[in-house]
Amino acid sequence: MSVANRSSSSPSQLKSAEPVVALHEINRHFQLGEQTVKALDAVSLELLAGDYVSVMGPSGSGKSTLLNILGLLDRPDAGAYLLNGAPTQDLSEEKRARLRQQNIGFVFQSYHLIPRMSARENIELPLILAGTAPKERARMVSEMLERLGLTARASHLPNQLSGGQRQRVAIGRAIIMKPKLLLADEPTGNLDTQSGADVVTLLEELNTQGITLVVVTHDVELGKRARRQLRMVDGRIQSDLRQSDVSD
Amino acid sequence: MKAPDLLKMVTRTINFGRTRAVLTSLGITIGIAAVALLTSIGEGVRSYVMDEFSQFGARIIAINPGKNVTGGMGGILSTVRPLSLQDAEALRQAPYVEYVVPVVQGAGAIEYKQRTRNVDIFGVSADMPAAWRFAVAQGRFLPRNNDARSSPYAVIGHKVKQELFQGESPLGQLIRIGGMRFRVIGVIEPKGDMLGFDLDDTAYIPADLALDLFNREGLMEVDVIFSPATDSTYMSALIKKMLIQRHGREDFTLITQDQMLTSLNSILSVLTLAVGLLGSISLLVGGVGILTTMTTSVRERTSEIGLLRALGATRAQVLSLFLAEAVTLSTIGGVCGLLLMGVVTALAFLFAPEFPIRPHVPFLLIALLLSSLIGLIAGVVPALQASRLNPIDALRTE
Ligand SMILES: Nc1ncnc2c1ncn2[C@@H]1O[C@H](COP(=O)(O)OP(=O)(O)OP(=O)(O)O)[C@@H](O)[C@H]1O
Ligand SMILES: [Mg+2]
């Protein structure tokens, strides 16, 4: 495996970066009969380029909702969301899809691979949707497979892969468009310790190379690895801890 | 997304759920085969009938006694003057007229020695073979006669010769038709059936003698064949003018071959269309099958749709993916339907060559287009459903 090697760039050089994401007073409420659930309650947050953020908190505290808002999958009921300095609230659905395609990668707990497509084709999917030329695609996907250590598994279908391999394919798919922002919701939730560690190593390596990484997790050990640790309770950010350095 | 990629994704999906795809397409296959077959048979019947009728040539005008006022058959009005042999003779002198055949038709028994045969009897003129494109196989046809009463000559059809003379040469023999004696001077070449009407089981005698024989006052029809130097509109007008002059009023009806063929053609085309529409009912059923499959498909692949949206697929892309899938399914069905129809046609051609089945390429193309169109229509609702899914809800579905 060629992934574990995160000694290269120092965090200090990333500090000066401008905010990739700025949330201002974001509300996201769900009406359930009589009751209003405040999944996000006046959340403000800035993420800088190269940030490594973990989001923790009890179940139902709004972590996934925050990730969905950040990923432009969901719209806030109130508040402003600036992506690369540009407001996104009033954009059409198709424009948001385009922003998503160019700027944001998703990693899910349950992989969400397409079962009838091989590892290679699953990774290729965003490029196909973006209309990239086949030759260019083939080159990029081959490189990605190499980097993920999955070259030998390229033609395997998802159900022929282990959980860890599936998640690595999903990560490959998430970053093939070279997004600035990588959002992972419980990326290790379905994995055993070893595969989970491999996936985390891969994500951290990507962060080291400059991607802004947000990881939602229940795993305290994993959460502590992040340079910045958010804790959510009842739709609010209860604490926002920054570490000056990565501690193991 | 590029079109080849779209197609590749769609075929991958269809191939993955092969059994379901086959069953879904089967409805369309049967529908298209039914439409294609029915229209091919309709077209076969149409062209068969048209061929049969146009063997008389296109430059023919038939004149019948009586004015066809209400669209029913004329000739029953008491004031109608019969069409006479003199009328026919006068028309013969008109410009551009090549042949004139007065027609008196009836049925009667022909006797030769001890044998008798009931046949159709046509009273005609010497112009008949040229006008109707009948060839004389043996001997000659009725001679031309001017004014004087015709000689009692008869020309017989091929079958009459076979049945009545049984190997003997009929030429010069005397036969008896309804008590009158005729000398056989010729035999017409075999013509076969026309719409179940045996053209070889006939005898031709001079029209004036036929009038006497059937005790008729006037001719049943006069056929005028005109030269290619003019057209049927001009000739109709000319004949009408001449006959009005002779009769004092328009108590006759002209039918040009064009009109005859046109109306026949349109009747048969409508019939073809009607059977085609009947077949389309089965296509409708096939369309419902596609709708069902696509709806199920959208439901099963909800989380996949959510994923596509998360990867940056637009609503339009999701819509086109599912639409393309529906159209591909139905088009596959359509192509298989045409293949099935081709097999049936080939079998018919091998084992029943007379069966009037004639694949009409435009109809086949329309059938194929129709199958794609059905897929498009059946796919719209499920595809819209897919494209309108909220990505988060879709992703949440497992
Ligand atoms: N579509 C929805 N309709 C109604 N309520 C919703 C919806 N989505 C989220 N909620 C509610 O919003 C709150 C926050 O949900 P969210 O999924 O963000 O929690 P979470 O922190 O990710 O929890 P978990 O750790 O269990 O994944 C919950 O109370 C949830 O019931
Ligand atoms: Mg969650």
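The values are calculated or read from the model by the stated rules, or taken from the named source; none is laboratory data. What you see is a predicted model, and the numbers here were worked out from it, not measured in a lab. With ideal geometry, Cβ positions are generated from the backbone for all residues, glycine too; neighbour counts draw on all protein chains shown. Remember, those area values only see protein heavy atoms, side chains included, never the ligands or the DNA or RNA. Shrake-Rupley method; radii C 1.70, N 1.55, O 1.52, S 1.80 Å.
Worth pointing out:
- Under 5 Å, built H, 5+ apart or other chain: amide partners of A:Gly57: A:Met232
- 222 nm mean residue ellipticity, helices alone, for the protein assembly as shown (DSSP H n ≥ 4; -39,500 (n - 2.57); rounded to 500): -15000 deg cm²/dmol
- Other protein chain C-beta atoms within 10 Å of residue C-beta, averaged over A:125-135: 5.
- The count of lysine pairs in chain B that are at least 8 places apart or cross chains, and whose C-alpha atoms lie under 21 Å apart, stands at 6.
- Averaged over residues, the count of other Cβ atoms within 10 Å places the peptides B:155-163, A:28-36, B:117-125 in the sequence B:155-163, B:117-125, A:28-36, highest first.
- In this structure the amide hydrogen of A:Arg28, modeled in the peptide plane, comes within under 5 Å of the amide hydrogens of A:Ala39, A:Leu40, A:Asp41, A:Ala42, A:Asp77, none closer than 5 places in sequence on its chain.
- Under the convention that each Lys and Arg Cβ holds +1 and each Asp and Glu Cβ holds -1, the size of the dipole of the range A:99-231 around its Cα centre is about 360 debye.
- Computed on chain A, with alpha-carbon pairs under 8 angstrom and 6+ residues apart, the relative contact order is 29 percent.
- When only the Cβ of Lys, Arg, Asp and Glu is charged (+1, +1, -1, -1), the dipole of the range B:60-227 relative to its Cα centre reaches about 360 debye.
- In the range B:366-398, burial by the other protein chains removes 40 Å² or more of 1.4 Å probe accessible surface, compared with the chain on its own, from B:Ile392, B:Leu395.
- Percent RCO, i.e. relative contact order, over chain B, from Cα pairs under 8 Å lying at least 6 residues apart: 29
- Put a plus charge on the Cβ of each Lys and Arg, a minus charge on the Cβ of each Asp and Glu, and nothing anywhere else: the dipole of the protein assembly as shown about its Cα centre is then about 680 debye.
- A straight line joining the Cα centroids of the range A:38-66 and the range B:276-290 runs 54 Å.
- With a cut-off of 9 Å between beta carbons, the residues surrounding B:Val103 carry a summed charge of -2, where Lys and Arg count +1 and Asp and Glu -1.
- The residues of the range A:29-170 present an accessible area of 41 Å² per residue when probed at 1.4 Å with all protein chains retained.
- Residues of the range B:290-310 whose accessible area, computed with a 1.4 Å probe over protein heavy atoms, drops by at least 50 Å² once all protein chains are present relative to their chain alone are B:Glu304, B:Leu307, B:Arg309, B:Ala310.
- Of all aspartates and glutamates in the structure, those lying under 19 Å Cα to Cα from A:Lys224, and not within fewer than 8 positions of it along the same chain, are A:Asp51, A:Asp185, A:Glu186, A:Asp192, A:Asp198, A:Glu204, A:Glu205, A:Asp240, A:Asp245, A:Asp248.
- The range B:17-30 - phi-based ³J(HN,Hα) in whole Hz, Karplus 6.51/-1.76/1.60, Gly and Pro as x: x, 4, 4, 5, 4, 4, 5, 5, 5, 4, x, 5, 4, 5
- Within the accessible surface of the range B:60-227, defined with a 1.4 Å probe on protein heavy atoms only, the carbon and sulfur portion equals 47 percent.
- Pairing chains B and A buries close to 2500 square angstrom of accessible surface in total, based on protein heavy atoms and a 1.4 angstrom probe.
- Take the range B:201-313 with all the other protein chains still there, run a 1.4 Å probe, and you get 44 Å² of accessible area per residue.
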